[in-house]
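Beneath this line is the structure, given in structure tokens, with notes to follow.
The values are calculated or read from the model by the stated rules, or taken from the named source; none is laboratory data. Since this is a predicted model, take the numbers as computed values, not measurements. Glycine also receives a Cβ, built like all others from the backbone with ideal geometry; neighbour counts cover every protein chain displayed.
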Number of protein chains: 2
Amino acid sequence: MIKVVLFDLDDTLVDTTKLAERARRNAIENMVKHGLPVDFETAYNGLLDLINEYGSNFPHHFDYLLRRLDLKYNPKWVAAGVIGYHNTKFTQLKDVRHARKMLIQLSSMGLRLGIVTDGDPIKQWEKILRLELEDFFEHVIISDFEGVKKPHPKIYQKALKLFGVEPEDAVMVGDRLYSDIYGAKKVGMHTIWFRYGRRRSEELEYRRYADFEIEDLLEVPKIIEKLGGKGEEGSNKEVHADR
Amino acid sequence: MIKVVLFDLDDTLVDTTKLAERARRNAIENMVKHGLPVDFETAYNGLLDLINEYGSNFPHHFDYLLRRLDLKYNPKWVAAGVIGYHNTKFTQLKDVRHARKMLIQLSSMGLRLGIVTDGDPIKQWEKILRLELEDFFEHVIISDFEGVKKPHPKIYQKALKLFGVEPEDAVMVGDRLYSDIYGAKKVGMHTIWFRYGRRRSEELEYRRYADFEIEDLLEVPKIIEKLGGKGEEGSNKEVHADR
């Protein structure tokens, strides 16, 4: 019997990739508007290269962009970038289509919900609180606190332990085949691969670890009903997978 | 003849102190709302103490607040604080009463305007750009770039050099008697002390360096007319102060 549903956060519940792209575009637009002497495409591509090389949490993107473009340091341009970026991030943060509707359905089915995510704990909590998703979830497990990243089994085992359930009582839903699907399957959980966002054609070698594939989050409650969700009559037999 | 008017930024053009207080209150309120197990007053006073000890640009206020209150680290509470703080900062940033009206009057009198400020260059530019004050100013001089802080003469001399005027052609307007008024007077400029914000009863030993004292920014254009502002007939005699 399925008792617990765990979710990845970025690009599963929260529309992170789209937001980041929009925020970066608005940052560069605002820099150009305030006198950055380079055309939009050159600056935007420079920023993307930088993010590829230094990672998206690197705190000096805009300073380094000026160096990269051989421009003199100018705090006005950096400030313009920061404003464009933050304005977008704070006003356009959105949950993925149907995420909230699905969470309400699952809650009303008596299921217990959790989040299992990598990333900076404060930033991850910021997204959850800004979207007011907090109350749906009994536990939010952030890998940084465990000293590992998904798909390390420790994070999934920690989640199961916190909920006090066996792996076969739990479903993991996520957009990443390696960290979400392969990771959860390794510890014996059910898996639903959400084919969404820019990663949907990556890591396909792990596709065989997905029990289900969906393109709309509203399929999650339906699948859980099929698997024998909590409260379903005649679905209480537990299926023990070979592990 | 007065040709140039220089302004301090924080609590002269931009309402920084009020904003910071409001932002801190909202941060603590949001932390308590999200489960911080301490009453508002205790947490707020803890934050004020922290800021006194570590400075307002210390980047770990909310983490340290939890330590100070002997609470376990919880990124959710830190995120709640960050959200409360930033939401306020981004939506409630305001220029000081009559600042914009005064800047328009001074511009139409043909005066050239500048900002002379301490503080983090990116943050200072953020305030200027967010309030769309940029176009009023020919030069924004930020002390960090000169390796000194106000009242060091270097920053005022730099401003005069950038504008290409003599000290007696320039007026400095600011809320701080030591850094703004004493500093500008030391290099020979005219000075207008704006009695505003929480500092208005501090550093009174430097009050004698203020040529004028005002409580409303709209008095600035009137004073400059009296001093012989640009375009004023019969006011072109230059007064050379003993320096």
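Name the residues in the stretch A:137-162 that are more than 14 Å from chain B (Cβ to nearest Cβ), surrounded by 19 or more Cβ atoms within 10 Å (Cβ to Cβ) and in contact with a helix residue (DSSP H, G or I) (Cβ under 8 Å, 6 or more places away or on another chain), would you? Spell out the reasoning first.
As a first pass, look at the stretch A:137-162 and keep what is more than 14 Å from chain B (Cβ to nearest Cβ): A:147-162.
Then drop every residue that is not surrounded by 19 or more Cβ atoms within 10 Å (Cβ to Cβ), which leaves A:150-151, A:155-156, A:159-160.
Of everything in the stretch A:137-162, those that are more than 14 Å from chain B (Cβ to nearest Cβ), surrounded by 19 or more Cβ atoms within 10 Å (Cβ to Cβ) and in contact with a helix residue (DSSP H, G or I) (Cβ under 8 Å, 6 or more places away or on another chain) turn out to be A:150, A:151, A:155, A:156, A:160.
Of the residues A:47, A:111, only one is without any contact (Cβ under 8 Å) to a residue 24 or more places away in the chain, surrounded by 20 or more Cβ atoms within 10 Å (Cβ to Cβ) and not small (Gly, Ala, Ser); which? None of the other options fit; the residue is A:47. Contact map, the stretch A:149-172: first residue part of a loop (DSSP other than H, G, I, E, B), second residue basic (Lys, Arg), Cβ cut-off under 6 Å, separation 6 or more or different chains; pairs are A:165/A:3.
Applying a threshold of 7 Å to beta carbon distances and a minimum spacing of six or more residues, or different chains, the list of pairs starting in the stretch B:216-235 at a residue that is within 10 Å of residue B:5 (Cβ to Cβ) and of a type in the set (Gly, Ala, Ser) and ending at one that is modelled with pLDDT of 95 or more and buried (at least 18 other Cβ atoms within 10 Å of the Cβ) reads B:229/B:2; B:229/B:111.
So is residue A:73 under 22 Å from residue B:130 (Cβ atoms) and of a type in the set (Phe, Trp, Tyr) or not? So that I can check it myself, show each step before the final result.
Values: under 22 Å from residue B:130 (Cβ atoms): yes; of a type in the set (Phe, Trp, Tyr): yes.
Criteria met by residue A:73.
In this structure, is residue B:64 aromatic (Phe, Trp, Tyr), under 30 Å from residue A:130 (Cα atoms) and away from chain A (no Cβ under 13 Å)? So residue B:64 fits the description; yes. Based on what the data block shows, is residue A:17 β-branched (Val, Ile, Thr), surrounded by fewer than 18 Cβ atoms within 10 Å (Cβ to Cβ) and within 14 Å of chain B (Cβ to nearest Cβ)? So residue A:17 does not fit the description; no.
For the stretch A:80-125, which residues satisfy the criterion of being away from chain B (no Cβ under 14 Å) and of a type in the set (D, E, K, R)? Scanning the stretch A:80-125 gives A:94, A:95, A:97, A:100, A:101, A:112. Whether any residue in the stretch A:39-61 is modelled with pLDDT under 95, closer than 26 Å to residue B:117 by Cβ and in a loop (DSSP other than H, G, I, E, B) is what I want to check. Taking every residue of the stretch A:39-61 in turn, at least one turns out to be modelled with pLDDT under 95, closer than 26 Å to residue B:117 by Cβ and in a loop (DSSP other than H, G, I, E, B).
Look at the stretch A:21-38: where a residue is acidic (Asp, Glu) and a partner is surrounded by fewer than 16 Cβ atoms within 10 Å (Cβ to Cβ), sitting 6+ places away or on another chain with Cβ atoms under 7 Å, you get A:29/A:40. Selection over the stretch B:79-108 of residues that are surrounded by fewer than 16 Cβ atoms within 10 Å (Cβ to Cβ) and basic (Lys, Arg) gives a count of 3. If the condition is being closer than 14 Å to residue A:50 by Cβ and surrounded by 14 or more Cβ atoms within 10 Å (Cβ to Cβ), then the stretch A:64-78 contributes A:64, A:65, A:66, A:68, A:69, A:71, A:78.
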